[in-house]
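S.K.: Can you read through this structure? Questions will come right after.
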Amino acid sequence: MTAGTAAVTTTSGFDTLALAAPILEAIKAAGYTEPTPVQARAVPEALNGRDLLVSSQTGSGKTAAFMLPALQLLTKPHEKSGRGPRILVLTPTRELAVQVTKAAETYGRNLRVKTMSVVGGMPYPLQNRLLKIGVDILVATPGRLLDQMNAGRIDLSRLQLLVLDEADRMLDMGFKDELEAIVAKVPKTRQTLLFSATLEQGIVKLAGALLKDPLRIAVDTAQTRHENISQRLHFADDMGHKNRLLESILNNADMLQAIVFTSTKRAADQLAQELHSQGHSAAAMHGDMNQRARNHTLQALRRGTLKVLVATDVAARGIDVQGISHVINYDLPTQAEDYVHRIGRTGRAGRNGIAISFANVRDHYMVKSIERFTTQKIEVTAIAGLEPKMRAFSKPAPRGARPGGGKSYGKPSGAPGRREGFGGYAKRDGRPAGRSAARTSPYSK
C-alpha cells in the first residue's frame, strides 16, 4: 500500500472497493490512501465470491488483497454457530504467519474478530487454550495445523474462505501432502484464494485441484523490474576478498540496515558472530532458532537497534522492515526465484534500495540464470581499492562445478591450504571452524 500522511482529507481510493465502514476507518487509521494494483484487481473479485489464482510478488500489498475481503466476510454472522475458524490462511513460514496475523489485527481493529496463529515453535499448551476459546481467522503453517487437526482440536466445518499465501514456497518446502490433507477436510463450498510469486506448472496443477473456475490475476510477477532497487554484482577473487568487500559495504555511510543472505544456517551463525566481534550490530536468523529468539531478533530489526541481519532464505521470508537499505547476497541462491524474493526485502513502501551480490567464476551459471529469469542484466561493479584481480566470467566454470554451487574461492574444490574470512572454513587467527560441505535444509515447520 502507499502510505499517506495524517493530514490527508481527500476521499480514499479504498472507498471504491465497497468495504464496510469499520474496515475503511482502520485502513485510513493505518495511514493508507490508495490500493496497490493487486489490491485494486483482487479485492472486488474476491468480494464477489470468485476463486482467485493470483501471481504477485512480496511487497506488492498482497496480504491486504486477501485480508480485506476476509474481514468483509466477517461483518456478516455465520449461519452455523461454533468455535472453528471462518477464515484459514496457510503460509510457508512462521514469520509470514506473524505478518499476516498482524495485518488482520490492523485492518480488523474496529471489528470484534478473534485472530490467532498456529505455527511451529509456539508451545502446544498455549495454542490449545486459545483454540478452545474460539477463533474467526486462523493463520497457520501446514505442518503444525495438520498436527492440531489430527489431535481433534480444530474444527473446519464452518470454514468459508481458504487462502494459500506464497503457495509456490509451500510446494518448494515439501508441503504438498500436508496441503492435500488439510484441503480434504475443509468444506467444498468454500471460496479459495491462491497467491504465488510464479504460476509455474506445479502451481497451476495445484490450483486445478483446489480452485473452482478461478480468475487469473498477474500483477508484479517475478519478472517485473525492480526499478527502485539498484542491483550490483561484485566479483570476489577468494574468501578474504569477499569479506573485505562485505566490510566496506557495511561501513559505508549509505548503509542504514542490511540483510545478508547465506546458504546455510551454520554459515549464518558464524558470519553473524564474526561481524558482531568486529563491532557490527549483527544477529543471525534461521530455521533452527526458537520462536521467541526469532521474534526478539525481528523486533530489534524493526526498532533499528539491529543493523545487520544474517539470514537464510526461509527465515527472511515475510520480513517487512522499511528501514532495510541493503540486501547482500553473501552466497548466491540456488534458485533464481529466491533472488527476486531476497532483493524484495529492500526498496519497501516506495523507497529506494540496493541489492549487492558476491560471485566468483564458479557462480557464472547461477548469475546467468538469474539474469534470464529477471530479464535484467546485473551490473558488475567494483569498490575502489578492492578491485578483483581475476576477470569476471571470462570463461566457463571449471569442469564439474555446480551451477551456483561450491564456494571454493581462489582454489579448486579440495585444494590444500587455509581459507580465511567471516565464518571461515579453516581455523585461522582464532576464527571459528568452517562450514560443512553438505548443505542442510533450512526449512522447518
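Read the figures in this text as sums done on the coordinates, not as results from a lab. On a predicted model such as this, the values are computed, not experimentally measured, just so you know. Cβ sites come from the backbone with ideal geometry, for glycine too, and all protein chains shown count toward neighbours.
S.K.: So if R0 is 51 Å, what FRET efficiency would A20 and M255 give, r being the distance between their Cβ atoms, rounded to the nearest 0.05?
M.R.: It comes to 0.75.
S.K.: Mind giving me the FRET efficiency for H296 and R351? R0 is 25 Å, r the Cβ-Cβ distance, nearest 0.05 is fine.
M.R.: E between H296 and R351, to the nearest 0.05, is 0.50.
S.K.: Under the Karplus relation 6.51 cos²θ - 1.76 cosθ + 1.60, θ = phi - 60°, what is the ordered set of whole-Hz ³J(HN,Hα) values for the stretch 164-180, x standing for Gly and Pro?
M.R.: 10, 9, 6, 4, 4, 5, 5, 5, 4, 7, x, 8, 4, 5, 5, 4, 5
S.K.: Apply the Karplus parameterisation 6.51 cos²θ - 1.76 cosθ + 1.60, with θ equal to phi minus 60°, to every residue of the stretch 81-93 and state each ³J(HN,Hα) to the nearest whole Hz, in sequence, with x for glycine and proline.
M.R.: Using θ = phi - 60°, the values come out as 7, x, 9, x, x, 9, 10, 10, 10, 9, 10, x, 9 Hz.
S.K.: Separate question: Give the whole-number value, in cubic angstrom per residue, of the convex hull volume spanned by the C-alpha atoms of the stretch 229-381.
M.R.: Expressed per residue, the convex hull around the Cα atoms of the stretch 229-381 is 106 Å³.
S.K.: Between the stretch 90-105 and the stretch 254-271, how many Å separate their Cα centres?
M.R.: The two parts, judged by their Cα centres, are 23 Å apart.
S.K.: For Y32, enumerate residues with amide H under 5 Å from its amide H, sequence gap 5+ or separate chain, H modeled in the peptide plane.
M.R.: G4
S.K.: Give me the distance in nm between label points sitting 7 Å out from Cα along the Cα-to-Cβ direction at E247 and A218, one decimal.
M.R.: Reported label-point gap for E247 and A218 is 4.7 nm.
S.K.: Can you list residues whose amide H is under 5 Å from Q257's amide H, if they're 5+ apart or on another chain and H is modeled 1.01 Å from N?
M.R.: HN-HN under 5 Å from Q257: S325, H326.
S.K.: Could you sort out which of K76/K102; K212/K368; K176/K307; K80/K176; K114/K185; K62/K176 sit more than 27 Å apart by Cα distance in this structure?
M.R.: Pairs exceeding 27 Å: K212/K368; K176/K307; K80/K176.
S.K.: Tell me the Kirkwood radius of the stretch 2-218: reciprocal of the mean inverse pair distance over distinct alpha-carbon atoms, in Å.
M.R.: 17.5
S.K.: Tell me whether the stretch 142-278 comes out rounded, prolate or oblate; compute the Cα gyration tensor, take square roots of the eigenvalues as a ≥ b ≥ c, and use a/c under 1.5 as the rounded threshold.
M.R.: It is prolate, given that a/c is not under 1.5 and a/b is the larger ratio.
S.K.: Quick one: Karplus J couplings for the stretch 133-138, per residue in order, coefficients 6.51, -1.76, 1.60, θ = phi - 60°, nearest Hz, x for Gly and Pro?
M.R.: Residue by residue, the stretch 133-138 yields 5, x, 8, 9, 10, 10 Hz.
S.K.: Name the residues whose placed amide hydrogens come within less than 5 Å of the amide hydrogen of A218, ignoring near sequence neighbours (fewer than 5 apart) on the same chain.
M.R.: S55
S.K.: Taking all pairs of different Cα atoms in the stretch 116-202, averaging 1/r and flipping that mean, what Kirkwood radius in angstroms comes out?
M.R.: 13.8
S.K.: Provide the FRET efficiency to the nearest 0.05 for the E105-A382 pair, computing r from the beta carbons and using R0 = 51 Å.
M.R.: 0.65
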